[in-house]
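Below you'll find the structure, written out as structure tokens, and then a few comments.
The values are calculated or read from the model by the stated rules, or taken from the named source; none is laboratory data. Please read these numbers as outputs of a predicted model, since none were measured by experiment. Using ideal geometry, Cβ is built from the backbone for each residue, glycine included, and neighbour counts are taken over all protein chains shown.
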Protein chains: 2
Amino acid sequence: MEYTAKPATNDRPTRFHVAVDVVALTIKRNLLQVAVVQREGSLSCILDRKSGYVQEVPREPFDYALPGGHVKLNGENLIQAACRELFEETSIRVNPEDLVQIGAYGEVGRDPRPGRTVSIAFVAFSPDFASPFAGSDAANAKFMDVVEVLADPNRLEFDHNQIIRDAISRVRELMERTPIALKFCDEEFTLGDLRHVYEVMFHHAYNPDAETLRFADRIRREDSNSDSFAAEQQIHVLSKAFMESSKNELMMTMPMNDMRMGLSSGRKMTRDQDVYSKVQNLLAEEYRRASRVSTPGEKSAREKMKLSFDAANFARKAEVIEGFIERVPGKTRHSSSGTGKPAQVYRRGKAEKLDPPLIIPRRATKPTKRPAK
Amino acid sequence: MEYTAKPATNDRPTRFHVAVDVVALTIKRNLLQVAVVQREGSLSCILDRKSGYVQEVPREPFDYALPGGHVKLNGENLIQAACRELFEETSIRVNPEDLVQIGAYGEVGRDPRPGRTVSIAFVAFSPDFASPFAGSDAANAKFMDVVEVLADPNRLEFDHNQIIRDAISRVRELMERTPIALKFCDEEFTLGDLRHVYEVMFHHAYNPDAETLRFADRIRREDSNSDSFAAEQQIHVLSKAFMESSKNELMMTMPMNDMRMGLSSGRKMTRDQDVYSKVQNLLAEEYRRASRVSTPGEKSAREKMKLSFDAANFARKAEVIEGFIERVPGKTRHSSSGTGKPAQVYRRGKAEKLDPPLIIPRRATKPTKRPAK
DNA sequence: GCAAAAGTGTTTCCCCTACACCCATGG
DNA sequence: CCATGGGTGTAGGGGAAACACTTTTGC
């Protein structure tokens, strides 16, 4: 993704534009969703995979962008600008405290339009944003599943693809060390609600890692009956993609390192992007299958997607963290599925920091059962 | 220190300036050091603790700033700008890969000069920067101990105080999950060198936490003989400061939340800042004592400061991480102190990510020895 | 009754810490 | 020799995962 000088334009940027972009996340139906908009106009700013440049191309119906826009010069902090833009474009209201900065994105050429734009990205949280998007400006806004947005044939403008991945990675880190997960919950919540937030946010679909490698193995087995050479070829490419995306996961731990992009040649980047999107599409397909409403007797979506942690141990982990959550004495609530024992209701504690942190193991649990002692 | 409140400026900002600031870290004599410069001109931009605003005041000899400056409009990415500015102002050369973005700082009023400046902060690493600062522009640049820079009577301009703390916090996180610590080491290094990097970077002087509370306790004991009421009062204030700074530590995990400043009243800000600087001065004093050259027979600085991890276990931890470090077969090197067994020499491995992560326990090891089984 | 989810209890075992010990060097 | 730091071995305890089991609801 090197955005070197765009060949066509003779006009060099005369001034800086400072913008904000907002990754508004919510959880619906066991899925992580992000708010996207369709900008006005007949052109989209899309990364051309052949050339490696972001270019203005005719707008397709599947082009999306993150809500965002220019910061006002006077009397408006970055976070305030993010709140305002989010509301203007999606009619979603969030408090400034619910926004966390991801980082600054400022490569030359990340925006092909006149001038030079540096964008500061934020993440917003809410248990359930108002869905209707009644606002007139928000007519083109909607929530989409993250895996779908990242998969073909959808396209995200600018470097918003990267911003979303950075955002998820950042949120994960924060969820282990701060009570940020509670922003996804209502004021009163059950341990199941809380666990659910962690389960979705840490799902391997957003974290192509060791877990995903096993997924690749499954594909390999399924394909082993058909054209084996082509399948092997395909898997090889996929494996490489997994490794690459795993590296991306690392890169996500730091806000976008502009230079890193500059270092990889356009050609290489292009290829990686292509494999990545293949992987993304496989994940999306998996997701679509799993999230289909289960017929009775069939395993639930959560189970099919291996989405659940051990409830008992998670509860113990969470409760031992001082000031994280506190019981509302005597108050219980039914789980969302309707059935099951009513659960204890909790409130947010006073701690601003999880000590000890609530670490979610990233590695697949080792298959080493007991090697004959 | 009495500053006249900044007169209400009638000139509102007409344009955005985009700047970069660089936190250039190195380790010298067991101490973490940061490159600072003294800007030209007769005015410094200092946070006035009474009003809570950054104001231009007459320059004092102890005023410092981070190296940094404006990003060029054309053909210069943010990281490139950071490299350039760092070199221009301090004659330090770093590779773009050695820079990591911390975040964007863009509050209204963070720079009292005309226009509105949004600054992107980066961290730079090197095992040993060229000290001389021969460059003409770099005459006013030098490395200073981090604790000293943050302590009175030194002053840092703008919000650079916060940026340094953010930087350290970010570096810590990265050191646990990425091989970034190796950037502080030479190409060939020993496990002792590597451990040293972790020891310094995770020293409690930069992390006023549980560890620091014990430090406060010691002060309490030492002062118990003198005016006890005043001492208790003082300790109470200090404890509060520790808690506050501990909260800051959390806040540091996310890039500066612009709103946070806006939310806390000027008054509160002022008080917290004052206690913090007291604590900072105590830490600095401790540091000065400990880093004095030990007379023979006296404990070494490292030991006095309880700086050392368990070497054996650290080595095992590091070696088990796949692709982190790899031995240079048969090659050994003497430790820097001259004495002791020559150590195995290592090189950087291929991994971009530490899996499993090299977690440094933040909590004080529990005093629970063995409670009589 | 049965499925589903919340809790509680318990066992096992891994990993991490701490410590003891030996090795190799310079002075 | 001794002080110093590198490196290996090992016992023990804390804690997390895994699992069994009870409880309470809706259907």
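The set of residues in the stretch A:88-107 that are buried (at least 22 other Cβ atoms within 10 Å of the Cβ), under 20 Å from the mean Cα position of the chain (by Cα) and either assigned to a helix (DSSP H, G or I) or within 11 Å of another protein chain (Cβ to nearest Cβ) (or both) comprises A:Glu89, A:Thr90, A:Leu99, A:Val100, A:Gln101, A:Ile102, A:Gly103, A:Ala104, A:Tyr105.
Results for (1) within 14 Å of chain A (Cβ to nearest Cβ); (2) farther than 26 Å from A:Asp166 by Cα; (3) among the hydroxyl-bearing types (Ser, Thr, Tyr), shown as yes or no for each residue.
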{"site": "B:Ala24", "(1), (2), (3)": "no, no, no"}
{"site": "B:Gly41", "(1), (2), (3)": "no, yes, no"}
{"site": "B:Leu66", "(1), (2), (3)": "no, yes, no"}
{"site": "B:Ile79", "(1), (2), (3)": "yes, no, no"}
{"site": "B:Ala82", "(1), (2), (3)": "yes, no, no"}
{"site": "B:Leu86", "(1), (2), (3)": "yes, yes, no"}
{"site": "B:Gly109", "(1), (2), (3)": "yes, yes, no"}
{"site": "B:Phe125", "(1), (2), (3)": "yes, no, no"}
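Kindly provide the set of residues from the stretch A:13-46 that are on the phi < 0 side of the Ramachandran plot, in contact with a Lys or Arg (Cβ under 7 Å, 6 or more places away or on another chain) and part of a loop (DSSP other than H, G, I, E, B), ordered by number. Matches in the stretch A:13-46: A:Pro13, A:Arg15, A:Ser42. As for the stretch A:45-52, it holds at least one residue that is within 21 Å of A:Asn140 (Cα to Cα), at pLDDT 85 or above and either more than 14 Å from chain B (Cβ to nearest Cβ) or under 22 Å from the mean Cα position of the chain (by Cα) (or both). Among the residues in the stretch A:72-86, are any closer than 22 Å to A:Ser44 by Cβ and surrounded by fewer than 20 Cβ atoms within 10 Å (Cβ to Cβ)? Looking for residues that are closer than 22 Å to A:Ser44 by Cβ and surrounded by fewer than 20 Cβ atoms within 10 Å (Cβ to Cβ), one finds none in the stretch A:72-86, hence no.
The numbered conditions (1) more than 19 Å from the chain's Cα centre (by Cα); (2) more than 10 Å from every other protein chain (Cβ to nearest Cβ); (3) among the hydrophobic types (A, V, I, L, M, F, W, C); (4) not in a helix (DSSP H, G or I) are all true for A:Leu73 except (2).
Taking the stretch A:112-141 as the range and being modelled with pLDDT of 90 or more and touching a Phe, Trp or Tyr at 6+ places or on another chain (Cβ under 7 Å) as the test, the residues that pass are A:Arg116, A:Val118, A:Ser119, A:Ala121. List every residue pair whose Cβ atoms lie under 8 Å apart, where the two residues are 6 or more positions apart in sequence or sit on different chains, the first residue falls within the stretch B:329-350 and is on the phi > 0 side of the Ramachandran plot, and the second residue, located anywhere, is more than 6 Å from DNA strand D (Cβ to nearest atom). Within 8 Å, the pairs are B:Gly340/B:His334. Here A:Gly69 meets each of (1) within 18 Å of B:Ile120 (Cβ to Cβ); (2) modelled with pLDDT of 90 or more with one exception, condition (1).
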